[in-house]
């Protein structure tokens, strides 16, 4: 009568070796994967930024765009310092003063924010 050998230990060892190879492969190619992903992300952003101005690294860092009221670029540091958001004619403001908001955003307009 033939006996079956117990291969449980060998099977676990094979899974450990496989996981180690996969982890080593991931660690070796991690930089290349990241460059590929970020390259795709940048190309998608560049495709969107054609005429719309949705993605520009220099403007994203310091400029904001008021697309609802004034349709102008403004300096976000000035916008926050002057508290223009409290004047914004949104849902949370009961009596919006659009002229005061326009004046605040126009005051915060910066030349480097223009397209």
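A protection proxy built from the mean count of other Cβ atoms within 10 Å ranks the segments 21-34, 75-88, most packed first, as 75-88, 21-34. Between residue 27 and residue 83, the simple spin-label model (points 7 angstrom out along Cα→Cβ) gives 5.4 nm.
Every number here is computed from the coordinates shown, using simple stated rules; none is lab data. Predicted model only: the values in this text are computed from it and were never measured. Note that we place each Cβ from the backbone using ideal geometry, even for glycine, and neighbour counts take in every protein chain shown.
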